[in-house]
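The values are calculated or read from the model by the stated rules, or taken from the named source; none is laboratory data. Bear in mind that the values here come from a model prediction, so they are computed numbers and not experimental data. Note that each Cβ is placed from the backbone with ideal geometry, even for glycine, and that neighbours are counted across all protein chains shown.
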Amino acid sequence: MLDEKILSILRTSRDGYVSGEELCKLADISRAAIWKHIEKLRAEGYEIDASPHLGYRLVKAPDALISSEIRWRMKTRMLGRQIMSFKKVDSTNDVAYGLAEKGMKEGAVIISEEQAKGKGRQGRLWISPPSGGIYMSCILRPEMSPREIPKITLVAAVAVATAIRDLTGLDAVIKWPNDILINGNKICGILTEMKAEQDGIDFVIVGIGVNVNTAGRLLPKGASSIREEGRRTGLATVSRVDMARRILEKLEENYILLKTKGFKPIIEEWKNLSSMIGARIKVIQQNRTLEGQVHDIDSDGALIVRLGSGVLERISSGDVVAL
């Protein structure tokens, strides 16, 4: 926390530089301790100028998924107030799940620069190269039944698509149930896991993987990154810190909306951001495959598909392929 306090002092300095004496007084530590913390921050990628006569000045912050960077000026009341950041983990969802089982409070976020065994839907691997993406998992403890969990996935999808549009202007759209696409290429996946009893949920883990500045050559076929898709419009490298912060802000906003106003406003926003209403699709499920036209999304977040026979089929799970 001292590192964060020192950064806050440097960031808010009106004169640019903060003298060593003033920094010691404001942080309530010795000069030797100040130097130690400054060196630690430099090792994390912060550019901090030190002048014998002027003091210390923050020149540049790294675009690294450091908890203090993400929290800086983040407008949330609950989500992301506690962020645990890592260089590398097997899976942020697994870390978050373990912590939630031990009682970690709602709103805690696990974020990592890299995942060795990133998780996708149905046991698939989420490719997670270092330093280019956002890999984070949020602990939520909603008061709802287990069958309502698909709503949380759609809440997160709306949050991510909106955040990308806000920060880049790119036309990010939602592919049911958990993908975000730009120009038809997947740039984000959402994996929702839970621990529940028959009558209620203990906790939900919302895992969000976003390819932000990842090079296309590092990604599987059909996947891309925000930077790769943004090149067509002249978009430069996107700040991962800004993107992570904005996603958390929008996720909390939509989560509160779900709890206070119900699912209807989320459904309406999902429809506005969806690439699927009216589209012809193939749905691949474990025991069958069907084709039809997307008619609607129902009050539980399930897809309503009109088959060739005219029958409306409710789809609550499966892989969707555009035709």
| said: Would you confirm, using the coordinates I've provided, whether Lys60 is under 24 Å from Trp126 (Cβ atoms) and either crowded, with 18+ Cβ neighbours inside 10 Å or of a type in the set (Lys, Arg) (or both)? | reply: no
| note | Note on Ala27: of the conditions (1) within 30 Å of Met194 (Cβ to Cβ); (2) surrounded by 16 or more Cβ atoms within 10 Å (Cβ to Cβ), unmet is (1)
| message | Being in contact with a Gly (Cβ under 9 Å, 6 or more places away or on another chain) and either modelled with pLDDT under 95 or within 28 Å of Pro146 (Cβ to Cβ) (or both): is that true of Val204 here? | response | no
| task | Could you tell me whether Leu125 is without any contact (Cβ under 8 Å) to a residue 60 or more places away in the chain and either of a type in the set (Phe, Trp, Tyr) or assigned by TED's automatic domain parsing to the domain that holds Asp242 (or both)? | result | yes
| query | Quick one: which helices (runs of 4 or more DSSP H) sit completely within the range 1-84 and have at least 3 residues that are under 30 Å from Val204 (Cα atoms)? | reply | 67-71
| said: Being of a type in the set (Val, Ile, Thr), part of a strand (DSSP E or B) and either touching a Lys or Arg at 6+ places or on another chain (Cβ under 8 Å) or within 25 Å of Lys117 (Cα to Cα) (or both) is the requirement here; does Ile152 meet it? | reply: no
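When you go through Ile256, Ile266, Ile284 one by one, which is the residue that is among the hydrophobic types (A, V, I, L, M, F, W, C), outside the structural domain of Thr168 (by TED's automatic domain parsing) and within 30 Å of Ile304 (Cα to Cα)?
Testing whether each residue is among the hydrophobic types (A, V, I, L, M, F, W, C), outside the structural domain of Thr168 (by TED's automatic domain parsing) and within 30 Å of Ile304 (Cα to Cα) leaves just Ile284.
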| message | Show the residue pairs meeting these rules: Cβ distance below 7 Å; 6+ apart or different chains; first residue within the range 254-279 and in contact (Cβ under 8 Å) with a residue 60 or more places away in the chain; second residue part of a loop (DSSP other than H, G, I, E, B) and of a type in the set (Ser, Thr, Tyr). | response | Phe263/Ser299
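Are any residues in the range 85-98 farther than 26 Å from Ala43 by Cβ and either touching a strand residue (DSSP E or B) at 6+ places or on another chain (Cβ under 7 Å) or in a loop (DSSP other than H, G, I, E, B) (or both), and if so, which ones? Walk me through it before giving the result.
Just the residues of the range 85-98 that are farther than 26 Å from Ala43 by Cβ, to begin with: 91, 93-94, 96-98.
Hits for the range 85-98 are Ser91, Asn93, Ala96, Tyr97.
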| query | Can you name the residue in the range 231-250 that is of a type in the set (Val, Ile, Thr) and at pLDDT 95 or above and, of all such residues, is farthest from Ile134 (Cα to Cα)? | reply | Ile247
| Only one of (1) in contact with a Ser or Thr (Cβ under 6 Å, 6 or more places away or on another chain); (2) over 20 Å from Gly262 (Cα atoms) fails for Arg124. Which number is that? | (1)
| said: Tell me yes or no: at least one residue of the range 30-49 is touching an Asp or Glu at 6+ places or on another chain (Cβ under 6 Å), without any contact (Cβ under 8 Å) to a residue 60 or more places away in the chain, within 30 Å of Trp126 (Cβ to Cβ) and not aromatic (Phe, Trp, Tyr). | reply: no
| query | (1) farther than 18 Å from Ile266 by Cα; (2) part of a loop (DSSP other than H, G, I, E, B); (3) in contact with a strand residue (DSSP E or B) (Cβ under 7 Å, 6 or more places away or on another chain); (4) not hydroxyl-bearing (Ser, Thr, Tyr): which one isn't true of Pro142, the others all being true? | reply | (1)
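Rundown of residues vs (1) within 13 Å of the chain's Cα centre (by Cα); (2) within 23 Å of Asp63 (Cα to Cα); (3) in a helix (DSSP H, G or I); (4) not hydrophobic (A, V, I, L, M, F, W, C), yes/no style:
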| position | (1), (2), (3), (4) |
| --- | --- |
| Ala159 | yes, yes, yes, no |
| Gly189 | yes, yes, no, yes |
| Thr192 | yes, no, no, yes |
| Asp202 | no, no, no, yes |
| Gly207 | yes, yes, no, yes |
| Val210 | yes, yes, no, no |
| request: Report yes if some residue within the range 65-73 is in contact with a helix residue (DSSP H, G or I) (Cβ under 6 Å, 6 or more places away or on another chain), of a type in the set (D, E, K, R), under 30 Å from Glu47 (Cβ atoms) and at pLDDT below 95; otherwise report no. | output: yes
